[in-house]
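The values are calculated or read from the model by the stated rules, or taken from the named source; none is laboratory data. Only a predicted model underlies this, so the values are computations on that prediction, with no experimental measurement involved. When we count neighbours, we look across all protein chains shown, and the Cβ atoms used for this are built from the backbone with ideal geometry, even at glycine.
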Amino acid sequence: MFTSIADRNSKPVEFTLFGRVVRVPPGTSVAAAMLANGEAAGRVSASGSPRGPYCLMGACFECSVIIDGRARVRACMTEVRDGLNVERSQHVDD
């Protein structure tokens with residue numbers, strides 16, 4: 001369903017996504033990296049439904065995750081970088 005069009009000849013970026021180390025091409029957004037690695041949800045809604053990347057342009061906030069300890073960061077608006085740590089929001093408030 002999801003295929004990256006990034007330059008695969010560049011040195012990959014290595015970061016932690018929900019507790020596991022992954023590698024993606026430079027210039028990839030965290031949301032695209034999530035989808036490319038089979039991760040559809042990064043948080044839960046107030047009703048307990050899993051939520052993840054939706055609009056992929058920063059308008060809806062459905063892709064909010066915790067990045068380097070900072071809550072409510074839009075994964076679609078954040079570019080991966082070496083050493084980045086992405087965690088799932090465990091609470092609706094995160």
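For region 69-82, the set of residues classified as surrounded by 14 or more Cβ atoms within 10 Å (Cβ to Cβ) and either β-branched (Val, Ile, Thr) or out of contact with any Gly (no Cβ under 7 Å at 6 or more places or on another chain) (or both) consists of ALA71, VAL73, THR78, VAL80, listed by residue number.
If you check GLY27, GLY19 for being at pLDDT 95 or above, among the small types (Gly, Ala, Ser), on the phi > 0 side of the Ramachandran plot and out of contact with any His (no Cβ under 7 Å at 6 or more places or on another chain), only one passes: GLY19.
Inspection of region 8-24 finds no residue satisfying the criterion of being part of a strand (DSSP E or B), surrounded by 14 or more Cβ atoms within 10 Å (Cβ to Cβ) and in contact with a Cys (Cβ under 8 Å, 6 or more places away or on another chain). Among what's in region 32-68 and is touching a residue at least 24 places away in the same chain (Cβ under 8 Å), surrounded by 15 or more Cβ atoms within 10 Å (Cβ to Cβ) and in a loop (DSSP other than H, G, I, E, B), pick the residue that is farthest from the chain's Cα centre (by Cα). The residue in question is LEU56. Going by the structure shown, is SER29 under 9 Å from the mean Cα position of the chain (by Cα), farther than 15 Å from THR16 by Cα, among the hydroxyl-bearing types (Ser, Thr, Tyr) and surrounded by 15 or more Cβ atoms within 10 Å (Cβ to Cβ)? Taking the combined requirement at face value, the residue does not satisfy it.
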